[in-house]
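Take a look at the structure below.
The values are calculated or read from the model by the stated rules, or taken from the named source; none is laboratory data. The shown structure was predicted, so the numbers you read here are calculated from the model rather than taken from an experiment. For neighbour counting, all protein chains shown are included, and Cβ atoms are generated from backbone atoms with ideal geometry for every residue, glycine included.
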2 protein chains.
Amino acid sequence: MSKPSIAIIGGGPAGCALLKSFEAANKLSEYDITVFEKQEKLGGLWNFDWHTGIDQNGEVVHGSMYKYLWSNGPKECLEFSDFTMEQHFGKKLPSYPPRPVMEEYLRARYETEENMKRFRFETVVRYVNFEEDTQKFKVVSHDLKTRTDKVEHYDYVAVATGHYNRPSMPHYPGFESFQGRLIHAHDFKDGSQYKDKVVMTIGSSYSAEDIASQCAKYGASKLLLCAREKAADCAWYHYNWPEEKFEMKPILTHIEGKTVHFKDGTSEVVDAIIVCTGYRHYYPFMEESLRLQSPDLLYPGNLYKNVFWENNPKCMYIGAFHQWFTYPMFEAQSWYARDVILGRIALPDAEGMKKDSKVWMDKESNLPSEESTIDFQSEHIQMYVDATDYELNVPVCQKNFHDFVANKKVDIMKFRDLSHIDPTDGKPSPAPTNGTWMDRLDDTTKTFLENC
Amino acid sequence: MSKPSIAIIGGGPAGCALLKSFEAANKLSEYDITVFEKQEKLGGLWNFDWHTGIDQNGEVVHGSMYKYLWSNGPKECLEFSDFTMEQHFGKKLPSYPPRPVMEEYLRARYETEENMKRFRFETVVRYVNFEEDTQKFKVVSHDLKTRTDKVEHYDYVAVATGHYNRPSMPHYPGFESFQGRLIHAHDFKDGSQYKDKVVMTIGSSYSAEDIASQCAKYGASKLLLCAREKAADCAWYHYNWPEEKFEMKPILTHIEGKTVHFKDGTSEVVDAIIVCTGYRHYYPFMEESLRLQSPDLLYPGNLYKNVFWENNPKCMYIGAFHQWFTYPMFEAQSWYARDVILGRIALPDAEGMKKDSKVWMDKESNLPSEESTIDFQSEHIQMYVDATDYELNVPVCQKNFHDFVANKKVDIMKFRDLSHIDPTDGKPSPAPTNGTWMDRLDDTTKTFLENC
């Protein structure tokens, strides 16, 4: 009898986590696992791609990564407890590493010889449907290198393509004739392209605050932040911004040429508009009955334990939730998924699954504050940790996330200069020794490691 | 017995042409025809979309249209002989109308009540395969409005999505760290965004010459044209460019910051790079055995009469060729396809089809000049005209194309101020009365019609 087969769609942190879960249990050889990855290497959005729109193979550019991105959450909340950054880099690191450090750490974790045998790079999944007669998932994939297709059948399918890659783009009157540069955050590549420019961001969340900060850091002359949401609901409204460069505006009403008119009657001439209005769950390759369609929520629904597609639990989604926890959450979910596949954990019946999901979803719909969403997700990840042999010090991560939010409220430009608690010894990580984040224009691994 | 069914994928000029061919033969009621169109309205790339990259529905922006585009070929070569622009607009028009005029003309031709009943707008085809057991094409489509899928079966499928929508993008060293604006021609929207900027185009063909001209017209300070091809093989190398704004360069070797280094050792600081290196045939929704994969050729191969997929001729491609003739060519092809479907024209056997295609393909591979490609395609379209009741004065179009190329060689900035022969009366069309193309910044239909 052939081995049970698993198709993992996407070789970013989430897809790698599921593969790793089988390696960690020494079960890789008992399953026929294939990871389909559109890009040339693993890493998902941590791969920087200079293309905008369409890539070298004619496919949609996946990642929303930009140059000079530094972790926008504490590294203590995304380290693996059995493989810390200290173990990999040989020294304790400050709390906010730049992208190349994050990428190297991810590769060191997942680019093992055994794992790499399971990858099909530059291979896109075009269509997945469940066949009643074979009781398997039919997966149609396309090899971009040879321009040929494969049709195969799998016992399990795990969707791990992420959901911060397909832009959600609003329209404001005048967008169609704006005489400056208009892009979605997805296509933002390099703050230095906006040197001496007046830049406006639209949007209330992480992308807006980080892209505005990036542009300021690399020389933009003025930053205007606005959002559709009322001020109190904008994350950045609660942060402390340096007044000489940043201005918070109400939402725009319309644009004439390069002049943006705001709801309070004021107007500004802007060179560039960067629309930071987020992304959408987008899985066109899944047949409708298997396709997650949801806003970006902590607990989107139809997924038992936020992983198992309730109507067909051999279809799984890894990482399909609004995120505080990232790398370890993908692994914790994967450990749970693996244990279900291995038969170590039993799934309830359909009604039981829906009932369990409803408890979480009801809870999410009543969360009163940004801080309470941290507590919700801490409880959520703890559930996987309790049910499996995955190790993570959740309470320390939870405290670090709270401190991180508090630090941004004190000074948004300086939160990356501060330190969080290292779960391995309970002490704060070292501070960087080469100035503030605003001064540290060089984001190479070498420079970062030399200054901590 | 149910009617024979036809799925037309794409509601641009090519898809509309096939629908029209059934209307013209009074056969619409005898077939069950569905046109799947991703956009909100018919017109294909003639619809201007302000989005870049991803559209409001999360789908890839189809069109490569930009504002202020004027026809870059004589309108006398793309008019329908039974419905001229004079008939629609009530007066004779100059030879190069702006986009809104072209769009209105197209809508007047195709937006009939009967035709519109066959359209499914905002509906994307996700996957098509031929089923041996039913001998039908299974078409999976997705309605973007309701976010639901349909799986249906059709007797015929016609691919009419065009092949100037999926960019082909090269890499040059320094692209990944260019500190200006780097886009593919697909994402060029508005020349006025490049006012006072130094703009470089890369590429040897129409997009490069027209986008450079556009930028100059709307105020760019300097235009640099370069291409990988040797000078003699660049269309624009043979044209006469005003020296005060335009400079022809050899291909670049690399970029540092905003400084572009060229193969001859010279360098220039540029604000924007617009990569005009063309598009690719891209039909990911067709199963491999039905998928055209080819460079952009006059006669790509595997298609009998450049229409019928030789391995399964109930699968057709309309407009999948490098183009001189456009609108009437799509109709001529469609008339031929329709007559095959109606049984008025018989297809040869597989060997006969391949033999016929080989004659055309061999001929294309020996064409000595740009001018000879006009003659090739004139012979090609004449073949459809001879075989069907489609009416077109091919020799006049052929002459007009030759004159058009000659005019560009004399002065690339002025060819749109000249007139071509109107096939209806053999006389030159009127010249515009409101100055040169360079002066005519207003591209509205009203202004255009008032000045001819």
Query raised in the report: With (1) crowded, with 17+ Cβ neighbours inside 10 Å; (2) under 28 Å from A:Met102 (Cβ atoms); (3) not hydrophobic (A, V, I, L, M, F, W, C) as the list, and A:Pro295 as the residue in question, which single condition is left unmet?
Result: (1)
Requested in this report: Only one of these is outside the structural domain of A:Phe321 (by TED's automatic domain parsing), of a type in the set (Phe, Trp, Tyr) and over 30 Å from A:Met200 (Cβ atoms): A:Phe137, A:Phe83. Name it.
Outcome: A:Phe83
Query - Enumerated strands (runs of 3 or more DSSP E) restricted to segment A:158-267, each holding at least 1 residues that are under 30 Å from A:Ile8 (Cα atoms) and among the aliphatic types (A, V, I, L, M) - result: none
**Report entry** Filtered residues of segment A:230-243 (kept if loosely packed, with under 15 Cβ neighbours inside 10 Å and in contact with a strand residue (DSSP E or B) (Cβ under 9 Å, 6 or more places away or on another chain))
**Finding:** A:Ala231
Report task. Mind listing whichever residues of segment B:255-290 are within 13 Å of chain A (Cβ to nearest Cβ) and within 17 Å of B:Ser168 (Cβ to Cβ)? Result -> B:Ile273, B:Ile274, B:Val275, B:Thr277, B:Gly278, B:Tyr279, B:Arg280, B:His281, B:Tyr282, B:Tyr283, B:Pro284
Report summary line: Selection from segment B:1-35 of residues outside any helix (DSSP H, G or I), charged (D, E, K, R) and touching a residue at least 60 places away in the same chain (Cβ under 8 Å) yields B:Lys27
Query raised in the report: Within segment A:188-204, is even one residue closer than 20 Å to A:Gly319 by Cα and in contact (Cβ under 8 Å) with a residue 40 or more places away in the chain?
Result: no
Query raised in the report: Can you find a residue in segment A:177-187 that is touching a strand residue (DSSP E or B) at 6+ places or on another chain (Cβ under 9 Å) and closer than 22 Å to A:Gly319 by Cα?
Result: yes
Query raised in the report: Would you say B:Thr253 is without any contact (Cβ under 8 Å) to a residue 12 or more places away in the chain and surrounded by fewer than 20 Cβ atoms within 10 Å (Cβ to Cβ)?
Result: no
Query raised in the report: Taking the stated definitions as given, is B:Tyr304 among the hydroxyl-bearing types (Ser, Thr, Tyr) and under 22 Å from B:Val359 (Cα atoms)?
Result: yes
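What residue, among those in segment B:127-174 that are more than 30 Å from B:His254 (Cβ to Cβ) and of a type in the set (Lys, Arg), is nearest to the other protein chains (Cβ to nearest Cβ)?
Among those that are more than 30 Å from B:His254 (Cβ to Cβ) and of a type in the set (Lys, Arg), it is B:Arg147.
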